[in-house]
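Asks: To start, I am sharing the structure in question, which I have written as C-alpha coordinates.
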Amino acid sequence: MKLYCDPISTTSRPVMLFSAEHGLDLEIVHVDLMAGGHRDPAYLALNPNGVVPFLVDGDFGLGESSAILKYLAEKVGSATYPTELRARARVNEALDWFNTNFHEYFCLFVCYPNMGVPHGMPVEVSREIMAYGREHAPRWLKVLDEHMLAGRRFVCGDEISLADYLGISYVLLGELADYDFSPYPNVTAWIARMRERPAFPVTFAGFAGLVSFLRQSKAAAA
(Lines give C-alpha, C1' and ligand atoms only; values in the text may rest on other atoms or scores of the structure.)
Protein backbone atom coordinates (compact mmCIF):
# COMPACT_ATOMS: atom_id res chain seq x y z
CA MET A 1 0.00 0.00 0.00
CA LYS A 2 1.04 3.58 -0.64
CA LEU A 3 -0.19 6.67 1.16
CA TYR A 4 0.21 9.94 -0.72
CA CYS A 5 0.25 12.65 1.91
CA ASP A 6 1.96 15.66 3.42
CA PRO A 7 2.62 16.03 7.17
CA ILE A 8 1.46 19.66 7.06
CA SER A 9 -1.91 18.52 5.73
CA THR A 10 -4.61 18.47 8.41
CA THR A 11 -6.32 15.49 6.81
CA SER A 12 -3.10 13.55 6.23
CA ARG A 13 -2.04 13.46 9.87
CA PRO A 14 -4.98 11.33 11.11
CA VAL A 15 -4.13 8.57 8.64
CA MET A 16 -0.40 8.89 9.33
CA LEU A 17 -0.96 8.62 13.09
CA PHE A 18 -3.29 5.64 12.75
CA SER A 19 -0.89 3.88 10.39
CA ALA A 20 2.10 4.46 12.65
CA GLU A 21 0.29 3.20 15.74
CA HIS A 22 -0.90 0.08 13.95
CA GLY A 23 2.48 -0.67 12.37
CA LEU A 24 1.01 -0.84 8.87
CA ASP A 25 3.20 -1.86 5.95
CA LEU A 26 2.56 1.40 4.19
CA GLU A 27 4.86 3.31 1.85
CA ILE A 28 4.64 7.03 2.53
CA VAL A 29 4.82 9.12 -0.64
CA HIS A 30 5.34 12.79 0.14
CA VAL A 31 3.18 15.14 -1.91
CA ASP A 32 4.76 18.52 -1.17
CA LEU A 33 1.82 20.90 -0.95
CA MET A 34 3.98 23.98 -0.49
CA ALA A 35 5.79 23.16 -3.73
CA GLY A 36 2.55 22.46 -5.60
CA GLY A 37 3.01 18.69 -5.68
CA HIS A 38 -0.76 18.18 -5.57
CA ARG A 39 -1.02 19.96 -8.92
CA ASP A 40 1.60 17.80 -10.61
CA PRO A 41 0.10 16.10 -13.72
CA ALA A 42 1.30 12.68 -12.55
CA TYR A 43 -0.47 13.09 -9.22
CA LEU A 44 -3.62 14.49 -10.83
CA ALA A 45 -3.71 11.44 -13.09
CA LEU A 46 -3.78 9.33 -9.94
CA ASN A 47 -6.12 11.56 -7.94
CA PRO A 48 -8.04 14.09 -10.07
CA ASN A 49 -9.16 15.93 -6.91
CA GLY A 50 -5.57 17.09 -6.41
CA VAL A 51 -5.71 16.80 -2.62
CA VAL A 52 -4.20 14.60 0.05
CA PRO A 53 -4.32 12.04 1.52
CA PHE A 54 -4.80 9.39 -1.12
CA LEU A 55 -4.38 5.66 -0.55
CA VAL A 56 -3.38 3.12 -3.17
CA ASP A 57 -3.83 -0.55 -2.32
CA GLY A 58 -2.94 -2.59 -5.37
CA ASP A 59 -5.33 -1.55 -8.12
CA PHE A 60 -7.64 0.25 -5.67
CA GLY A 61 -7.39 3.97 -4.97
CA LEU A 62 -9.20 5.82 -2.21
CA GLY A 63 -9.38 9.46 -1.16
CA GLU A 64 -10.86 11.32 1.83
CA SER A 65 -9.26 10.99 5.24
CA SER A 66 -12.31 9.52 6.99
CA ALA A 67 -12.87 6.93 4.27
CA ILE A 68 -9.20 5.90 4.35
CA LEU A 69 -9.28 5.56 8.13
CA LYS A 70 -12.31 3.27 7.93
CA TYR A 71 -10.78 1.20 5.12
CA LEU A 72 -7.51 0.66 6.95
CA ALA A 73 -9.27 -0.11 10.23
CA GLU A 74 -11.41 -2.72 8.48
CA LYS A 75 -8.39 -4.15 6.69
CA VAL A 76 -6.45 -4.78 9.90
CA GLY A 77 -9.42 -5.43 12.19
CA SER A 78 -8.67 -2.46 14.42
CA ALA A 79 -10.74 -2.01 17.58
CA THR A 80 -10.71 1.73 16.85
CA TYR A 81 -13.59 1.06 14.45
CA PRO A 82 -15.84 -1.30 16.45
CA THR A 83 -17.98 -3.91 14.73
CA GLU A 84 -20.92 -3.67 17.13
CA LEU A 85 -23.66 -1.71 15.36
CA ARG A 86 -24.29 1.08 17.86
CA ALA A 87 -20.65 1.52 18.82
CA ARG A 88 -19.73 1.87 15.15
CA ALA A 89 -22.60 4.28 14.57
CA ARG A 90 -21.27 6.45 17.40
CA VAL A 91 -17.83 6.58 15.79
CA ASN A 92 -19.35 7.40 12.40
CA GLU A 93 -21.40 10.15 14.04
CA ALA A 94 -18.31 11.71 15.61
CA LEU A 95 -16.33 11.51 12.37
CA ASP A 96 -19.13 13.29 10.52
CA TRP A 97 -19.45 15.85 13.33
CA PHE A 98 -15.78 16.80 13.07
CA ASN A 99 -16.01 16.94 9.27
CA THR A 100 -19.04 19.23 9.18
CA ASN A 101 -19.92 21.90 11.74
CA PHE A 102 -16.69 21.75 13.72
CA HIS A 103 -14.52 21.86 10.60
CA GLU A 104 -16.50 24.74 9.15
CA TYR A 105 -16.69 27.05 12.15
CA PHE A 106 -13.34 26.24 13.75
CA CYS A 107 -10.97 25.04 11.04
CA LEU A 108 -12.18 27.08 8.06
CA PHE A 109 -13.18 30.27 9.84
CA VAL A 110 -10.85 30.50 12.86
CA CYS A 111 -7.69 28.71 11.80
CA TYR A 112 -6.94 28.51 8.09
CA PRO A 113 -7.00 32.26 7.37
CA ASN A 114 -3.94 32.54 9.65
CA MET A 115 -1.93 30.77 6.96
CA GLY A 116 -3.46 32.61 4.02
CA VAL A 117 -6.12 30.05 3.12
CA PRO A 118 -8.12 30.56 0.96
CA HIS A 119 -5.31 32.01 -1.11
CA GLY A 120 -5.79 35.50 -2.46
CA MET A 121 -8.51 36.48 -0.02
CA PRO A 122 -8.46 40.21 0.83
CA VAL A 123 -7.06 40.87 4.30
CA GLU A 124 -10.18 42.66 5.51
CA VAL A 125 -12.39 39.72 4.43
CA SER A 126 -10.04 37.28 6.15
CA ARG A 127 -10.27 39.26 9.39
CA GLU A 128 -14.07 39.31 9.23
CA ILE A 129 -14.15 35.55 8.71
CA MET A 130 -11.84 34.93 11.65
CA ALA A 131 -13.91 37.21 13.87
CA TYR A 132 -17.07 35.36 12.86
CA GLY A 133 -15.39 32.05 13.58
CA ARG A 134 -14.21 33.13 17.03
CA GLU A 135 -17.75 34.22 17.82
CA HIS A 136 -19.41 30.96 16.77
CA ALA A 137 -16.76 28.22 17.23
CA PRO A 138 -17.23 28.09 21.03
CA ARG A 139 -20.67 26.56 20.45
CA TRP A 140 -19.04 23.47 18.96
CA LEU A 141 -16.12 23.39 21.39
CA LYS A 142 -18.65 23.35 24.23
CA VAL A 143 -20.35 20.33 22.67
CA LEU A 144 -17.00 18.57 22.44
CA ASP A 145 -16.08 19.52 26.00
CA GLU A 146 -19.36 19.18 27.87
CA HIS A 147 -20.92 16.26 26.03
CA MET A 148 -18.61 14.23 23.80
CA LEU A 149 -15.65 14.21 26.21
CA ALA A 150 -17.54 14.57 29.49
CA GLY A 151 -16.60 11.64 31.75
CA ARG A 152 -14.67 9.95 28.95
CA ARG A 153 -11.01 9.54 28.09
CA PHE A 154 -11.70 9.71 24.36
CA VAL A 155 -14.37 11.07 22.04
CA CYS A 156 -16.48 7.91 21.86
CA GLY A 157 -15.64 6.27 25.17
CA ASP A 158 -12.72 5.16 27.28
CA GLU A 159 -10.83 3.64 24.34
CA ILE A 160 -9.41 5.50 21.37
CA SER A 161 -11.40 5.40 18.13
CA LEU A 162 -11.03 6.70 14.60
CA ALA A 163 -12.81 9.86 15.72
CA ASP A 164 -9.87 10.74 17.97
CA TYR A 165 -7.34 10.39 15.17
CA LEU A 166 -9.35 12.74 12.97
CA GLY A 167 -10.49 15.08 15.72
CA ILE A 168 -7.10 15.80 17.26
CA SER A 169 -5.74 17.01 13.94
CA TYR A 170 -8.68 19.38 13.53
CA VAL A 171 -8.61 20.69 17.08
CA LEU A 172 -4.86 21.31 17.10
CA LEU A 173 -5.26 23.56 14.09
CA GLY A 174 -6.07 26.05 16.82
CA GLU A 175 -2.32 26.46 17.27
CA LEU A 176 -2.30 28.39 13.99
CA ALA A 177 -4.56 30.94 15.68
CA ASP A 178 -3.00 30.69 19.17
CA TYR A 179 -6.43 29.53 20.29
CA ASP A 180 -7.03 29.36 24.04
CA PHE A 181 -8.54 25.99 25.02
CA SER A 182 -8.37 26.65 28.77
CA PRO A 183 -12.16 27.25 29.05
CA TYR A 184 -12.59 23.63 27.93
CA PRO A 185 -10.95 21.37 30.55
CA ASN A 186 -12.09 18.08 29.04
CA VAL A 187 -10.72 19.14 25.66
CA THR A 188 -7.36 20.18 27.13
CA ALA A 189 -7.10 16.86 29.01
CA TRP A 190 -7.89 14.96 25.82
CA ILE A 191 -5.30 16.94 23.87
CA ALA A 192 -2.70 16.07 26.51
CA ARG A 193 -3.74 12.41 26.32
CA MET A 194 -3.34 12.34 22.55
CA ARG A 195 0.03 14.09 22.71
CA GLU A 196 1.29 11.29 24.95
CA ARG A 197 0.77 8.66 22.28
CA PRO A 198 4.14 7.30 21.07
CA ALA A 199 3.68 8.17 17.38
CA PHE A 200 2.35 11.67 18.01
CA PRO A 201 5.65 13.64 18.07
CA VAL A 202 6.87 12.26 14.74
CA THR A 203 3.50 12.53 13.05
CA PHE A 204 2.93 16.14 14.12
CA ALA A 205 6.54 17.35 13.75
CA GLY A 206 5.91 18.86 10.32
CA PHE A 207 2.87 20.72 11.56
CA ALA A 208 4.78 21.98 14.60
CA GLY A 209 7.44 23.32 12.25
CA LEU A 210 4.79 25.10 10.19
CA VAL A 211 3.26 26.70 13.29
CA SER A 212 6.70 27.85 14.46
CA PHE A 213 7.47 29.36 11.04
CA LEU A 214 4.15 31.23 10.89
CA ARG A 215 4.62 32.62 14.41
CA GLN A 216 8.10 33.84 13.57
CA SER A 217 6.82 35.43 10.37
CA LYS A 218 4.06 37.26 12.28
CA ALA A 219 6.53 38.46 14.89
CA ALA A 220 8.89 39.75 12.23
CA ALA A 221 6.07 41.60 10.47
CA ALA A 222 4.80 43.20 13.67
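Asks: If N is the number of residues in the chain, what value comes out of its Cα radius of gyration divided by 2.2 N^0.38 Å? Display every interim value, and only then the final one.
Replies: Details: Rg = 17.4 Å, N = 222, 2.2 N^0.38 = 17.1 Å.
My calculation over the Cα atoms of the chain gives 1.02.
Asks: Another one. Hey, what's the chain come to in accessible area per residue, 1.4 Å probe, Å²?
Replies: Working: 11070 Å² over 222 residues.
Accessible area per residue, the chain: 50 Å².
Asks: Something else: To the nearest 20 Debye, how big is the dipole of the chain about its Cα centre, given +1 on the beta carbon of each Lys and Arg and -1 on that of each Asp and Glu? Write out the running numbers ahead of the final one.
Replies: Values: 19 positive and 26 negative charges, 69 e Å.
I would put it at about 320 debye.
Asks: Where nothing but the Cβ of Lys and Arg (+1) and of Asp and Glu (-1) is charged, how large is the charge dipole of region 1-81 around its Cα centre, in debye to the nearest 20?
Replies: Working: 5 positive and 10 negative charges, 33 e Å.
Its charge dipole is roughly 160 debye.
Asks: Could you tell me which of Pro82, Ala35, Leu72 has its Cα farthest along the dipole of the chain towards the positive end, charges placed at Cβ (Lys, Arg +1; Asp, Glu -1), taken about the Cα centre?
Replies: Of the options given, the answer is Pro82.
Asks: Rounded to the nearest 500 deg cm²/dmol, what is the calculated helix-only ellipticity per residue at 222 nm for the chain, with -39500 (n - 2.57) per DSSP H run of length n ≥ 4?
Replies: Numbers: 9 runs with 104 residues, N = 222.
When only DSSP H runs of four or more count, the value is -14500 deg cm²/dmol.
Asks: Given springs between every Cα pair under 10 Å in a Gaussian network model of the chain, which of Ala199, Ala67, Ala45 has the largest fluctuation?
Replies: Ala45
Asks: Under 16 Å Cα to Cα from Lys142, which aspartates and glutamates show up? Leave out anything in the same chain fewer than 8 places away.
Replies: Correct list for Lys142: Glu104, Asp180.
Asks: Once phi is turned into ³J(HN,Hα) by the Karplus curve 6.51 cos²θ - 1.76 cosθ + 1.60 with θ = phi - 60°, what whole-Hz value does each residue of region 23-37 show in order, with x for glycine and proline?
Replies: x, 6, 7, 10, 7, 8, 10, 6, 9, 6, 5, 5, 9, x, x
Asks: Next question. Please list 3J(HN,Hα) in residue order for region 112-119, calculated via the Karplus relation 6.51 cos²θ - 1.76 cosθ + 1.60 where θ = phi - 60°; whole Hz, with x for glycine and proline.
Replies: With the stated coefficients, region 112-119 comes to 4, x, 5, 10, x, 10, x, 5 Hz.
Asks: Here's a follow-up. What ³J(HN,Hα) values, in whole Hz, does the Karplus curve 6.51 cos²θ - 1.76 cosθ + 1.60 give for region 89-101 when θ = phi - 60°, with x put for Gly and Pro?
Replies: Per residue, the Karplus-derived 3J(HN,Hα) values read 4, 5, 5, 4, 4, 5, 4, 5, 4, 4, 7, 10, 4 Hz.
Asks: Over the chain, with a Gaussian network built from C-alpha contacts below 10 Å, which listed residue (Ala20, Ala42, Ala205) shows the highest mean-square fluctuation?
Replies: Result for the chain, Cα springs under 10 Å: Ala42 fluctuates most.
Asks: Once Lys and Arg get +1 and Asp and Glu get -1 on their Cβ, which of Val143, Tyr105, Phe154 lies farthest toward the positive end of the dipole of region 100-221?
Replies: Ranked along the dipole, the leading option is Phe154.
Asks: Another one. Most mobile of Gly36, Gly157, Gly206 per a Gaussian network model of the chain (Cα springs, under 10 Å)?
Replies: Highest fluctuation among the options: Gly36.
Asks: With every protein chain present, what accessible area does Lys75 have (1.4 Å probe, heavy atoms only), rounded to the nearest 10 Å²?
Replies: Ignoring ligands and nucleic acids, Lys75 comes out at about 110 Å².
Asks: Which length gain, in nm to one decimal place, applies between Asn49 and Leu62 when the Cα-Cα distance is subtracted from 0.36 nm times their residue separation?
Replies: Numbers: separation 13, 0.36 × 13 = 4.68 nm, distance 1.12 nm.
Taking 0.36 nm per residue and subtracting the Cα distance, the gain is 3.6 nm.
Asks: How far apart, in nm, are two points set 7 Å out from the Cα along the Cα-to-Cβ line at Glu104 and at His119?
Replies: Going from the Glu104 label point to the His119 one covers 2.6 nm.
Asks: Follow-up. I'd like the antiparallel share, as a percent to the nearest 5, of DSSP beta bridges with both residues in region 1-102.
Replies: Values: 7 of 11 bridges.
Rounded to the nearest five, the antiparallel share is 65 percent.
Asks: Separate question: I'd like the carbon and sulfur percentage of the solvent accessible area for region 93-170, probe radius 1.4 Å, heavy atoms only, ligands and nucleic acids excluded.
Replies: Details: 1920 of 3720 Å².
Percent of accessible area from carbon and sulfur atoms in region 93-170: 52.
The values are calculated or read from the model by the stated rules, or taken from the named source; none is laboratory data. Bear in mind the structure is a predicted one, so any value in this text is a computation, not a measurement. For neighbour counting, all protein chains shown are included, and Cβ atoms are generated from backbone atoms with ideal geometry for every residue, glycine included. The accessibility values were calculated without ligands, DNA or RNA, using every heavy atom of the protein model including side chains. Shrake-Rupley method; radii C 1.70, N 1.55, O 1.52, S 1.80 Å.
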